[in-house]
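Just below is one structure, and these are the notes that go with it.
Any read-out appearing in this document is the output of simple, stated calculations on the displayed coordinates, not a laboratory observation. Please read all numbers here as calculations on a predicted model, not as lab measurements. Every residue, glycine as well, gets a Cβ built from its backbone with ideal geometry; the counts of neighbours run over all protein chains shown.
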Amino acid sequence: MGPILNGLLNLQRVENRLRAAKTKLARCRRSLLFQENQLRALQNGLEAKQEEVKMAKIQVDRLELELKIRDEQIAKLRTALNLARTNKEYSSILTELNTAKADDSKLESQVLELMKNIETDQAACREIQQQIEEQKAKVEQVRRDVDAKAIELEKEIEEIQREWDAAASKVPPAALHIFERVAESYDGEAMAMVEQVDENSVSFTCGGCFMGVPAEVVNILSGKDEIIRCSNCTRILYLKNHDL
């Protein structure tokens, strides 16, 4: 294998390391993003619960105002009941009074239920607030760890990038262009090893897509230093004895 394929294989090795380091950096930063999202979810949950408490209190105020009005109405009906002059008038006022009392009792039950819910939601708010404080501390710790790790990884990436640039400078521009284009399609894996189906077979496959590779392609790769791409996946082919 000549300098072109040798150069590409060396570039592939560096490409793999470069992408691995960049993946580590991305994963490292995602860990912080995950913790920040957890914090944001808790804060959103607290805001939603606080809004429920606020709306419940507004409803309680409305019902208590309605109770006050009804209490005044009941007081008037009691006065009217004492002043009734006939049995019919007394019976009519008494019915109205009992109905008002029943409605008043229903409103009081609603108020008590709402107050109970408010107490439960307020307790939930306190619990969520505690979780938020704990999560904030966790986010800060993760941020410090991530910042420290990111500095190391960024330094590693810079060093590998210099190696990549050096390796790329030894590859002809046309070959480098093909390598970069294929690498973008396959997450950096631009090269594919030609694999023999078995020791006694003359059948070969592409190590990238596992589709068949003609024997004449293998013969060319054995004797010439040129780029030959898989007809199916378009990766750059190389022979097994030059494995990465």
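Here are the numbers:
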| item | result |
| --- | --- |
| Within the chain, helix-based [θ] at 222 nm, where runs of 4 or more DSSP H residues each add -39,500 (n - 2.57), nearest 500 | -28500 deg cm²/dmol |
| Length gained when the stretch GLN59-LYS101 is fully extended (0.36 nm per residue, less Cα-Cα span) | 13.1 nm |
| Relative contact order %, the chain, counting alpha carbon pairs below 8 Å whose residues are six or more apart | 31 percent |
| Summed residue charge, Cβ within 10 Å of ALA168's Cβ, Lys/Arg positive, Asp/Glu negative | -3 |
| Residue-count net charge about CYS28 - beta-carbon cut-off 12 Å; Lys, Arg +1, Asp, Glu -1 | +2 |
| The chain: Cys lacking any partner C-beta under 4.7 angstrom | CYS28, CYS125 |
| Length-normalised contact order for the stretch 1-138 - Cα pairs under 8 Å, 6+ apart - percent | 40 percent |
| Relative contact order %, the stretch 176-242, counting alpha carbon pairs below 8 Å whose residues are six or more apart | 31 percent |
| Rounded, prolate or oblate (a/c below 1.5 giving rounded, otherwise prolate when a/b exceeds b/c) for the stretch 103-234 by Cα gyration tensor | prolate |
| Protection proxy ranking of 11-18, 221-228 - average other beta-carbon atoms within 10 Å, highest first | 11-18, 221-228 |
| Local electrostatic count, ALA190, Cβ distance below 13 Å [Lys/Arg +1, Asp/Glu -1] | 0 |
| Rounded if a/c under 1.5, otherwise prolate or oblate - the stretch 174-244, Cα gyration tensor axes | prolate |
| Listed values [x] 44, 40, 34; [y] 125, 41, 31; [z] 47, 39, 37, entry calculated as Cα extents along the principal axes in Å | [y] |
| Packing-based order for 138-144, 205-211, using average beta carbon neighbours within 10 Å, highest first | 205-211, 138-144 |
| Estimated inter-spin distance, ALA174 and ALA150, nm [label 7 Å along Cα→Cβ] | 4.3 nm |
| Debye, to nearest 20: dipole size of the stretch 65-131, +1 on Lys, Arg Cβ, -1 on Asp, Glu Cβ | 400 debye |
